[in-house]
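Below you'll find the structure, written out as structure tokens, and then a few comments.
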Amino acid sequence: MSSIKSVAVIGLGYVGLPLALLAARKKYHVFGIDIDPRKMEALHAQTSYIDDVTDEEIALSEVEFTADVSTVAQADAVIVCVPTPVDKNKQPDLSPVTGAITAIAPHIKKGTLVVIESTINPGVCDEVIIPLLEKVSGLQVGRDIYLAHCPERINPGDPQWNVSNINRVVGANSQPELDAAMELYSTLIDAEIKPMGSLKEAEAVKVVENSFRDINIAFVNELAMSFHKLGINIENVIDGAATKPFAFMAHRPGAGVGGHCIPVDPYYLIEYAHSYGFEHEFLRLARSINESMPQFTVDLLTEALNELATPLKGTKVTMLGLSYKPNVGDDRESPANVIRQYLEEAEVELSVYDPYISRGSTVSSLDRALDGAKAVVIATGHDEFKAMTPREFFEMGIAVVIDGRNIFRHQKDEFTKLGIVYMGIGI
Ligand code: SAJ
């Protein structure tokens, strides 16, 4: 394997674009490839479409942005960063990955290192990617071309952790392939690069770390629904448990689990193990608990309006937030979309506002969103919402606040004193 001087990054989303820019800063000759014409148009206009990437970074970068996949022929390494969503039946959808492999395979040259960063379940490299790569390229993986897996770990909106400083794992099926990938990533990432024993081990790391998060969130969500009936404040209890300096990791209850990773990755492992005859009952149960939280949130609204002898139907309700996490504009798998669907089915008079997602909002400001509303459902904990006070809700005539992210957990009594029916998730 010749030393790597040029890198092609396929897929310029929240994973691939920061990676391409990083590789260019590390003085690799970088081709940034994406088939989406809108991305190409934005990049050539030096305009960022990723929250964590500035226009200036694009303008200053040496990356050659192109939609022409054949440019991979000029690259010593090709890194695949395309999405791996699940379909509506929660089945893993590998078509973006197989599409990318099919597109690059006819053009990659002998000696190329191919790295998959997309999140894939154990077995996809061995059972899907290698056969496809060899069939379409006519080259033999492990001999003519090398394959490694380095699962992405981007955390959108995180001010501390970014593509350059997050520890990574790298897996391959032979020492020369592992060495080549370790050499590449050790020049890109200023953090620990841990070699894994195989492609499968590296694939398993990502789905395990994100399933770990999903089951821990499900744990506190189940406690929240239990404690709602028991009259115990789950957030205070978690604060108490978190004083234990070891063997406890605080997670927080909420209106549900969204995003591109956490609600998706467990299904990769669930489905793969199922195909080999093992049922991940625990992972499935955690998924079903987390997927029940939007309904629990709407049930709280019904319960609160009942206290005012007010039906859901016809009531002016404002949902604040569409994004799956605070202070970013990303509603993929967002629980807010499920809450919205339930509220529309209940025929409430619905306003929706998310400062980061105008396309899904029905109004363009917080004031307009709250104007005339009787009830508010907080689905995302954006800072703009947190900045409000109970008195402001009162002065706007709001009678019910359902706090799906417990952002006002410390002002619960203040709401009550103002005569507002306030309910959070387990508090
Ligand atoms: N959530 C809870 N309770 C929690 C934590 C999260 O309900 O205690 C919800 C959030 O509201 C959100 C969803 O879960 O809807 C996912 O939240 P997240 O903080 O995990 O956000 P992500 O999807 O951006 O997760 C990323 C992941 N990074 C990668 O997969 C590469 C995840 O592995 C990280 O653990 C996470 O960032 C992080 O630590 O912030």
Taking 310-318, 256-264 and ranking on average Cβ neighbours within 10 Å, highest first, one gets 256-264, 310-318
Connecting every pair of Cα atoms under 10 Å apart in the chain and solving the GNM, the largest mean-square fluctuation among Val82, Val170, Val136 falls on Val136
Amide H proximity to Phe65 below 5 Å, modelled H, separation 5+ or other chain, gives Gly32
Here segment 264-273 yields Karplus 3J(HN,Hα) values (6.51, -1.76, 1.60; θ = phi - 60°; whole Hz; Gly and Pro given as x) of 9, 4, x, 5, 5, 6, 4, 5, 5, 5
Helix 16-25 sits off the longest principal axis of the Cα atoms of the chain, rounded to the nearest 10 on a 0 to 90 degree scale, by 50
Check: C-alpha center segment 86-112 vs C-alpha center segment 117-147, spacing in Å is 10
Simple SL model, points at 7 angstrom along Cα→Cβ for Val136 and Glu183; separation in nm is 2.7
Once Leu418 and Lys110 are pulled to full extension, the length gained, defined as 0.36 nm per residue separation minus their Cα-Cα distance, is 103.7 nm
Which of Lys88/Lys109; Lys90/Lys194; Lys27/Lys90; Lys229/Lys412; Lys39/Lys200; Lys88/Lys194 exceed 29 Å between C-alpha atoms? The answer is Lys88/Lys109; Lys90/Lys194; Lys27/Lys90; Lys39/Lys200; Lys88/Lys194
Ranked on Cβ counts within 10 Å of their own Cβ, fewest leading, His274, His149 go His274, His149
Stretched fully, the stretch from Glu271 through Lys26 gains (0.36 nm per residue minus C-alpha distance, one decimal, in nm) 84.4 nm
The correct pair for segment 227-305, radius of gyration to one decimal and Dmax as a whole number, both in Å and from Cα atoms, is 16.0, 48
Neighbour-count ranking for Arg143, Arg405, Arg368 (other C-beta within 10 angstrom, fewest to most) reads Arg143, Arg368, Arg405
FRET efficiency for Arg332 and Ser95 from the Cβ-Cβ distance with R0 = 25 Å, rounded to 0.05, comes out at 0.90
Of segment 244-278, those with amide N under 18 Å from the point 7 Å along the Cα→Cβ vector of Val208 are 262, 265-274, 278
Percent relative contact order for segment 6-198, counting Cα pairs under 8 Å at least six residues apart, stands at 18
Here the alpha-carbon Rg of the chain over 2.2 N^0.38 Å rounds to 1.08
Computed for segment 6-198: size of charge dipole around the Cα centre, +1 on C-beta of each Lys and Arg, -1 on C-beta of each Asp and Glu, debye to nearest 20, value 380
For Lys26, counting only lysines whose alpha-carbon sits under 19 Å away and dropping same-chain residues fewer than eight positions off, the answer is Lys5
Hull volume per residue for segment 1-63, using the convex hull of the C-alpha atoms, in Å³ is 76
The helix 175-188 Cα axis meets the longest alpha-carbon principal axis of the chain at an angle in degrees, between 0 and 90 and rounded to 10, of 60
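Read-outs throughout are calculated quantities, based only on the coordinates presented, and are distinct from any laboratory measurement. Predicted model, so just to flag it, every value in this text is computed and none were measured. Note: ideal-geometry Cβ built from the backbone for every residue, glycine included; neighbour counts use all protein chains shown.
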